[in-house]
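In what follows, a single structure is set out as structure tokens and then discussed.
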Amino acid sequence: MAPTQRRDRAFTLIELLVVIAIIALLIGILLPALGNARRAAQDGKNLANLKGMGYSMTLYANDWKSWFPVMPLVPTDQNALDRRLYLSGQYNYGGVAGLFSLYQKGDGDDTGDYGYRGLNNNEDSATYYTPPGRAPRNVPLMRSYLEGLAVLTSPRDKADRYYGMPHGPTPQRSSYDTATPKIPKAPGSEYDVISYNISYLYIVGLKTDEPNIVTPAPFWGDETNGPDVSTYAWYGGGNSAAFSAFGQPAGALGPGGYAPVDNQGAAGGSFVFTDSHAEFLKSTPGPQLNQAEIIQNIFFSSDTQRFPKSINAVDRNRSRFVQTID
């Protein structure tokens, strides 16, 4: 008798479709989990960046009578500070990039001003502005306090806008839409340091410990994609016209908060505080605060009953002596 022929059984169409459906279901379950894990890792790295910068700036403050870094002042701004009027001029050196670099070449297309304040544009002679009678300063303030510059860029920062070099509180490019889109890249050297490669803003003018500020104040944290300088910070929290030009096109919930395009979206931003701890500050939609819980009220509000953590809680004029830069 001839042996019985054996034929392998193939998948039917229905079985194949069932397998495909199971695979699709597994992908649908796993992808969000992988996305959440990736975001959690990015948030962990972001907090590590903040704590690293907080530690570095605290080392600086230990050498400078508890003061976190303040950019060199031109005579008019120094005179205003001496007369106890206000702190200003912290945007004169390419914004917060001036803490870390005198060169600020960035991507080579939109560069910083490495010949500060009218000095010749020769990178070998780049220097901070030097008031008459003082020794030249040609070293960025934070150079000796950082081991690397990658901490300036958050893994959550996927886009930024370049408004031109901030030689004043008013951006050179007058709206979010007219600013140049940029993709942030972690600086490998001081040449790469420029505003659009930095993911954070800085509140200048604070100390590690100060009896006039009742609770630790946030001073370094997630920027917005708007021009975070003075009253333009947080999409014009102190300037309603700025919100129309920068906040609304970015989709911000309201002046003084964050937008979906920012590092952690409209939910808020993470900050390191003057006591070196870091935490997330929430920005919550709500009509009671002009459509947003205004984060910058921590720094600038005089309504200390509503915002008891405001730096003005003891000294109602304390916010005159801080300035936001990014």
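Laboratory data are not the source of any read-out in this text; all were calculated from the coordinates shown. Nothing here was measured: the structure is a model prediction, and the numbers come from that model. Methodologically, a virtual Cβ is constructed for each residue, glycine included, from the backbone with ideal geometry; neighbour enumeration extends over all protein chains shown.
Across all C-alpha atoms in the stretch 16-325, the radius of gyration and Dmax reach 20.3, 83 Å.
Each of Val74 and Arg134 was given a label point 7 Å from its Cα along the Cα-to-Cβ line. The distance between the two points is 1.4 nm. Using C-alpha pairs under 8 Å with a sequence gap of at least 6, the mean separation divided by the residue count of the stretch 144-203 gives a relative contact order of 42 percent.
Taking the Cβ of Glu210 as the center, what net charge do the other residues with Cβ under 13 Å away carry, scoring Lys and Arg +1 and Asp and Glu -1? With Lys, Arg at +1 and Asp, Glu at -1, the net is 0.
Within the stretch 226-262, which residues have the backbone N less than 20 Å from the label spot 7 Å out from Thr180 along Cα→beta-carbon, could you tell me? 226-229, 246, by backbone N distance to the label point. Sorted fewest first by neighbouring Cβ atoms within 10 angstrom, Thr12, Thr178 come out as Thr12, Thr178.
If you average over every viewing direction, what projected area does the convex hull of the Cα atoms of the stretch 144-196 give, in nm²?
Details: hull surface 18.6 nm².
Here the figure is 4.7 nm², rounded to one decimal.
Looking at the stretch 22-116, which trypsin sites (Lys or Arg not before Pro) are in a loop (DSSP not H, G, I, E or B) and have at most 11 other Cβ atoms within 10 Å? Please report the intermediate quantities before stating the final value.
Working: sites: Arg38, Arg39, Lys45, Lys51, Lys65, Arg83, Arg84, Lys105; in loops: Lys65, Arg83, Arg84, Lys105.
Counting only loop positions with at most 11 other Cβ atoms within 10 Å, the trypsin sites (Lys or Arg not before Pro) in the stretch 22-116 are Lys65, Arg83, Arg84.
Considering only the other residues whose Cβ falls under 9 Å of the Cβ of Phe271, what net charge follows from Lys and Arg at +1 and Asp and Glu at -1? Please report the intermediate quantities before stating the final value.
Details: positive: none; negative: Asp222, Glu279.
Its environment carries a net charge of -2.
Pairs of alpha-carbon atoms within less than 8 angstrom and 6+ residues apart define the contacts here; what relative contact order does the stretch 16-325 have, in percent? Could you put the intermediate results ahead of the total?
Values: 642 pairs, mean separation 54.7, N = 310.
The value is 18 percent.
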